[in-house]
Each structure stands twice: as structure tokens, then as C-alpha cells.
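The values are calculated or read from the model by the stated rules, or taken from the named source; none is laboratory data. All values derive from a computational prediction rather than experimental measurement. Don't worry about glycine lacking a Cβ; one is built from the backbone with ideal geometry, like all the others, and counts go over all protein chains shown. What goes into the accessible areas is simple: the full protein's heavy atoms, side chains included, and nothing from ligands, DNA or RNA. Shrake-Rupley method; radii C 1.70, N 1.55, O 1.52, S 1.80 Å.
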Amino acid sequence: MILLAFALFGGMVGIGIWHYCTHFADNLVRQIYLAYCEIYPINPPHFASAQATIQPIKCGHFFYYFFAFGLFFLWCAVTFSNNLTAIIVACYGSILFVIGKIDWHYKLISPANCQLLLAIGIGSAYFQIIPLSLEQSLHSAALGFLCFFVVYHLAKWHYKQEAFGRGDYWLISALATFIPWQDLPLMIFIACISAIIYAMWLKWQKKPINFIPFAPFLNLGGAFTFLTNSASINTIMTSY
């Protein structure tokens with residue numbers, strides 16, 4: 001019964017993700033238009049979302065997302081014996097998917113999604129769902145945010161333009177809540193190496209390299225570090 005509940009809940013989450021990704025561009029264009037009208041209320045521009053540079057993502061039928069995330073949540077329920085841990089891991093992977101997909105298509109990271117992941121990480125540490133104390137989670141998140149906030153502004157000052165976006169250090173801070181601060185270099189190393197491999201593949205394919213979305217590679221490094229760290233702690237605990 002629990003497995004069926006996990007699968008159905010995952011399917012509903014998948015439909016929500018499909019709806020969010022499909023309508024992300026329209027919602028973003030509408031928000032920009034409303035913000036422009038607030039700044040210049042006397043002469044608002046003509047609004048036509050079809051003429052916007054940002055176009056909606058073609059996500060296919062929502063059934064694909066329903067079954068894919070249903071199976072993913074089911075896999076989490078089977079893999080992790082603790083149901084709360086399974087839910088946290090499933091939500092963690094779902095949010096990473098949304099952040100990575102949006103950044104891959106639009107070169108844009110929504111701070112709201114990162115802050116949601118940050119809240120889940122801190123809450124999971126507070127209720128001891130993940131193998132980190134609240135102090136460790138907050139310490140890691142603060143260190144990740146401050147370090148890459150400084151790196152962002154130093155790179156912007158040196159190159160006279162943004163070397164990476166503001167959403168990147170929000171994402172790093174959110175990912176850091178799930179791992180000890182000592183593992184932050186490993187997470188960044190995996191992200192950079194995978195991004196370099198992807199850039200080399202693009203060069204080998206003789207495709208132009210204008211801008212590489214970094215969120216999918218950060219997600220890869222964060223997920224790998226989180227899962228390996230959790231597995232190693234569980235192994236140590238069972239050995240005793």
C-alpha cells in the first residue's frame with residue numbers, strides 16, 4: 001500500500017513539474033511585462049507572448065512525467081527503508097530535475113527553487129532525516145553561499161561581466177545543506193570536470209560554445225556527493 005502511495009504521489013509531482021516547465025516561459029514573460037508596466041505605467045508596451053525571445057519548453061505529454069516520476073518515487077521507497085528519507089530523496093531529485101531542465105533550456109536558475117531546496121535540506125537536518133546535524137547543515141550552507149558570493153563579485157570585477165549567474169551561488173548553498181562543508185570541494189570538482197568534458201564533446205562535435213549551463217553539472221556533483229556520503233555513513237553505522 002505504501003509503495004502504491006509513493007508511486008501515485010510521484011505521478012502527481014511529475015504532472016506538477018510538467019505544468020511548471022511547460023508554462024515557465026509564459027509566466028516569466030508575464031511577470032516581466034507587469035514589472036515594466038509598474039515602472040512605466042503611462043506608456044505600457046503591446047504584450048504578445050508569442051513574440052517573446054523565450055519560448056515554452058516542449059515537454060511532451062504529461063503522462064511521460066506521471067510515469068517517470070511515479071517510478072522514481074517508487075524506486076526511492078524500495079531503496080530507502082525509512083519512508084521519510086525516501087520522500088526527502090525523491091523531492092531532492094525532483095527539484096534538481098526542475099532546476100537543471102530550466103537552466104539547460106533558458107540559462108536561468110530560479111532562486112525560489114533553490115531556496116525551496118535549501119529549506120528542505122535545513123528541515124531534513126533539523127528532524128535528523130539526513131545524516132547531518134542542523135549546525136552542520138547551516139554551516140555548510142553559509143560557507144557555500146559566502147564563498148561563491150565573493151567569487152561571483154570578484155569574477156564580475158575582473159572580467160567586467162558575469163562569469164556565472166547569481167542563481168549559481170544560491171544553488172550551491174542549497175546543495176551544501178545536504179553535505180558536510182568538507183565535501184564542498186569534491187562537489188565543485190565533479191561539477192567542473194563534468195562541465196569541461198561536456199565542453200570538450202561540443203568542441204569535438206564542432207558545435208559553438210557560447211554559454212554552458214552550470215546547474216545540471218552542479219546537480220550532478222551535489223547528488224553524487226550527497227548519496228555517497230549518506231551511503232558511507234550508513235555503512236559505518238551498520239558495521240557497529
Could you list, in sequence order, all residues of the range 100-134 that are of a type in the set (Phe, Trp, Tyr) and in contact (Cβ under 8 Å) with a residue 24 or more places away in the chain?
104, 106, 127
Which one of these does residue 60 not meet: (1) closer than 22 Å to residue 171 by Cβ; (2) open to solvent by 30 Å² or more (accessible area, probe 1.4 Å); (3) over 18 Å from the mean Cα position of the chain (by Cα); (4) not hydrophobic (A, V, I, L, M, F, W, C)?
(1)
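Residue by residue through the range 172-215, note down the ones that are small (Gly, Ala, Ser), more than 18 Å from the chain's Cα centre (by Cα) and within 30 Å of residue 127 (Cα to Cα). Quick ask: steps written out before the conclusion?
The initial filter retains those residues of the range 172-215 that are small (Gly, Ala, Ser), namely 173-174, 176, 191, 194-195, 199, 215.
After this cut, where a residue has to be more than 18 Å from the chain's Cα centre (by Cα) as well, the list is 199.
None - no residue of the range 172-215 is small (Gly, Ala, Ser), more than 18 Å from the chain's Cα centre (by Cα) and within 30 Å of residue 127 (Cα to Cα), so the list stays empty.
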Where a residue in the range 135-162 is surrounded by fewer than 17 Cβ atoms within 10 Å (Cβ to Cβ) and among the aliphatic types (A, V, I, L, M) and its partner, wherever it lies, is at pLDDT below 85 and not in a helix (DSSP H, G or I), with Cβ under 8 Å and at least six apart
155/162; 155/163; 155/164
Quickly run through the range 69-94 and pick out the residues that are open to solvent by 20 Å² or more (accessible area, probe 1.4 Å) and over 14 Å from residue 8 (Cβ atoms).
75, 78, 79, 80, 81, 82, 83, 84, 85, 88, 91, 93
Look at residue 233 and say whether it is under 18 Å from the mean Cα position of the chain (by Cα), surrounded by 11 or more Cβ atoms within 10 Å (Cβ to Cβ) and either modelled with pLDDT of 90 or more or within 22 Å of residue 138 (Cβ to Cβ) (or both).
no
